[in-house]
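Have a look at the structure below, then the notes.
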Amino acid sequence: MRTRSRMVTSGQAIALGATALAGVCLSAGNARAAAQTYAITINSTARTDSSKCTLRGAIEAINTKKAVGKCQAGGGSASSPDIILINGGLVFSLSSQLDIKSSMILRSTSTSSMVVFKQSGSPLILVNAVTFPSAGTSKITFEDIDFEGTLPGSTLGIYAEGKDPDSITFNRCWIQGFGFGGIHSKDTSLIINSSGVNKNSHSESTGAGVFIEGNNGNTTISIFNSSITNNFDASGACNGGGVFLELNGAIASIVNSTISDNKGGSGLALYNPESNMSANTLKITGSTIYGNSTLNAGCSTGAGVDNPCVLDGSGVCHYFNVTLDGTVIDANSGDFGETSEYTGPVTIKDSLLGSSDNATVTFVGSHNVTDFQTSGLDPVLRDNGVTGQKRRQTHKPLAGSLCINFLPSIDFGSQVSNKDERGRTRGALGGFDVGAVELQSGE
């Protein structure tokens, strides 16, 4: 039986504290800010400054809706949050807890130049937790922020615990190098969009890249156009090296995304808590799950996706309801280097599954292939070519790949346009490619 959730203490969560923030001005022509209530301008690099508005002062002013020093009182709401604008390209040390208790947006002024929040000092004193109010109405958004830890250590990148319908969103963000996991979200809906979660680890039984707990029956999870790569589960518990979803009654979507080269646990691990057996739904569309490995971890799980049986009190198995659409799962390896793509039940439509061993497959339509020798993807993660996101990486199809022009169409639903993870047009060469990358003319 798997060991379940952990408690985040004052020595374990870092990512949102900053000693300083340089000032920026909000102009009338700033289109991104115009739709919001207003932006709080930060014009000081000091941790505290009685003559200027600081980052901590700005957040407190939004939390309390009262003026703090030179920071004007926040006046936003979940539907129209206040903004903290941060000059693109600035680098800040993260040194102590910074509580976000109200709806707000933390945003770089430039979509091509991230703000960097970098871990600094002893990990044991870098304490940051995102703590939502009891009302359950907070909407927190980070845009163009680079969260950087310093492995090894016992520090968590971003911790968010709330109540339905709280939510936290990462747009064009980067989370890397934290020793106690990149993102831990509890009872909080989560959106990861055009972001990267890379080279994080953990030493307990939860996802090294992303760990999501949803026990309120209303959690929604959306991962779009993102790469979750090179994370490492060092616990030996065989949970998600990349992503671990511990949910009940939840709806989750993974679209146009890459989960690759995560080690020590499944690329994507799924789990129904024994205390609540409400059905979970997960649809994976236009995505690539490739090259994940449980090698030498002592696991008996699917290295690509693990959807295990969890018994209720009557001895009945419960699984996630998983559907693959336009997705490739390939080259994932188990404890002894054997192919280990998927464990548990799955419905596949217009998809490629490298091996059906240990999977109970329901096929929809005729455009499906399983148990092939190779999908023909480039085994090396390479730069995805997106301006301003140089470190996010993907697997391109090589010449002759099964993925190329495999499908007449892909159903992405209403939430995303007909683009691949890189923002390139789907169907560029006639048919549609399986996976996160659509090969373009000249590639």
Item to check | Cut-off 14 Å between beta-carbons: net charge of the residues surrounding K396, Lys and Arg +1, Asp and Glu -1 | outcome: -4
Item to check | Hz values of 3J(HN,Hα) by residue in the range 68-75 - Karplus curve (6.51, -1.76, 1.60), Gly and Pro given as x | outcome: 10, x, 8, 8, 5, 5, x, x
Checklist outcome for this item: the range 205-305, Kirkwood Rh and Cα Rg, ratio Rg/Rh at 0.96
Checklist entry - In which sequence would T54, T288, T360, T111 go, from the one with the fewest C-beta neighbours within 10 Å to the one with the most? => result T360, T111, T54, T288
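Let me check against my output: what whole-number percent is the relative contact order of the range 285-357, with C-alpha pairs under 8 Å and at least 6 apart? Spell out each step's value before the answer.
Values: 172 pairs, mean separation 27.5, N = 73.
It comes to 38 percent, rounded to a whole number.
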Checklist outcome for this item: Cα gyration tensor of the range 159-254 diagonalised, 5x eigenvalues square-rooted, in angstrom largest first, produces semi-axes 20, 16, 10
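Write down the percent of antiparallel bridges among all DSSP beta bridges whose residues are both part of the range 181-394, to the nearest 5.
On the way: 5 of 71 bridges.
In the range 181-394, DSSP labels about 5 percent of beta bridges as antiparallel.
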Checklist outcome for this item: Calc'd 3J(HN,Hα), the range 139-150, phi into Karplus 6.51 cos²θ - 1.76 cosθ + 1.60 (θ = phi - 60°), Hz, glycine/Pro = x, comes to 10, 10, 10, 10, 10, 6, 10, 10, 9, 10, x, 10
Checklist entry - Hey, rough spin-label estimate for S112 and Q373, points 7 angstrom out along Cα→Cβ, what's it come to in nanometres? => result 4.5 nm
Checklist outcome for this item: For the range 181-394, the Debye formula with one identical point scatterer on each Cα and no solvent gives log10 I(q)/I(0) at q = 0.10 Å⁻¹ as -0.37
Item to check | Residues of type aspartates and glutamates that K163 reaches as a straight line, Cα spacing below 13 Å, ignoring anything fewer than 8 places off in the same chain | outcome: D187, E213
Checklist outcome for this item: For K118, the lysines lying under 24 Å Cα to Cα, once residues fewer than eight places off in the same chain are dropped, come out as K52, K101, K139, K186, K199, K390
Item to check | Candidate aspartates and glutamates - alpha carbon under 14 Å from K419, same-chain residues fewer than 8 apart omitted | outcome: D411, D433, E438
Checklist entry - Which three extents, in whole angstrom, do the alpha-carbon atoms of the range 301-377 cover along their principal axes, largest first? => result 44, 33, 13
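Each value in this text was obtained by applying a stated rule to the coordinates, not by laboratory testing. Bear in mind that the values here come from a model prediction, so they are computed numbers and not experimental data. Here Cβ is always computed from backbone atoms with ideal geometry, including for glycine, and neighbour counts include all displayed protein chains.
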